[in-house]
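A quick write-up on the structure given underneath.
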Amino acid sequence: MQGLTTEEAKKRLRIYGENRIERRKRIPPWKIFLNQFTSPLVLLLLVAALLSFSLAIARGEAYTDSILIIAIVLLACIAGFVQDYKAEQTIEALQRLATPKVKVIRDGIEQEISSVELVPGDIIVLEGGDIIPADAKLVKGELQVDESPLTGESRAVRKGEGDNVYSGCGVFAGKAVAEVFATGMRTELGKITAKMQEIEEEKTPFQLQMDQLTR
């Protein structure tokens with residue numbers, strides 16, 4: 001099995017780019033928390049708390065309502081923070097699934113290269129203990145694969161000739177040769193990461209109840 005030539009691999013690298021999962025700049029926890037206070041609903045409640053507090057002082061009354069509103073705002077912001085922080089941690093976990101080195105056949109020689117240099121059409125060698133570096137189709141051999149990063153199920157899945165294996169999944173056992181067909185953000189792992197970064201977070205049940213209260 002010859003694999004790609006070095007020159008062809010360089011050409012494809014220029015076309016497809018490096019095999020890496022891209023993501024937005026990491027958001028620190030304190031910024032995630034402060035972002036919760038930019039919600040129109042939260043701003044509306046803060047204004048209501050301020051007005052209630054001002055009226056209570058003017059009338060010489062207790063400002064119980066103001067305290068209640070502020071407590072509701074804090075609970076909503078904490079709930080939103082927990083949800084957003086978990087999403088941020090999940091994205092970071094997906095990034096850590098990348099493997100630094102991979103065995104590849106180029107110019108008819110098995111060699112070890114940086115996984116970021118992989119391109120579609122590369123022939124890679126996989127065996128027990130490896131993390132699959134890109135989406136690929138098995139052309140020879142058999143593997144027991146952990147697909148939990150994609151499916152959530154940790155049981156071993158048997159993969160044979162003609163089956164697809166996916167970036168970020170671990171190899172429990174076996175040895176196989178596979179042809180890469182997708183790298184970087186074009187892999188299933190890359191698509192999941194992109195969706196998590198782009199899709200607007202759904203509101204928590206508590207936030208939905210707050211929406212109803214302000215109607």
Within the range 1-50, the count of residues that are under 28 Å from Glu188 (Cβ atoms), of a type outside the set (A, V, I, L, M) and at pLDDT below 80 comes to 5
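Kindly provide the set of residues from the range 175-195 that are free of Cβ contacts under 8 Å to residues at least 12 places away in the same chain and basic (Lys, Arg), ordered by number.
Lys191, Lys195
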With criteria (1) surrounded by fewer than 13 Cβ atoms within 10 Å (Cβ to Cβ); (2) at pLDDT 80 or above, Arg59 comes up short on (2)
Over the range 155-166, the set of residues in a loop (DSSP other than H, G, I, E, B) and either touching a residue at least 24 places away in the same chain (Cβ under 8 Å) or within 18 Å of the chain's Cα centre (by Cα) (or both) is Gly162, Asp163, Tyr166
Note on the range 139-155: residues surrounded by 13 or more Cβ atoms within 10 Å (Cβ to Cβ), in contact with an Asp or Glu (Cβ under 9 Å, 6 or more places away or on another chain) and more than 18 Å from Leu189 (Cα to Cα) are Val139, Lys140, Gly141, Glu142, Leu143
(message) Looking at the range 115-137, can you tell me whether even one residue there is within 19 Å of the chain's Cα centre (by Cα), surrounded by fewer than 16 Cβ atoms within 10 Å (Cβ to Cβ) and of a type outside the set (D, E, K, R)?
(response) no
Within the range 1-45, residues within 20 Å of Tyr85 (Cβ to Cβ) and free of Cβ contacts under 8 Å to residues at least 24 places away in the same chain come out as Lys25, Pro28, Trp30, Lys31, Leu34, Thr38
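The values are calculated or read from the model by the stated rules, or taken from the named source; none is laboratory data. Being a predicted model, the structure only gives us computed values, none of them experimental. Ideal geometry is used to build each Cβ from the backbone, glycine not excepted, and the neighbour counts take in all protein chains shown.
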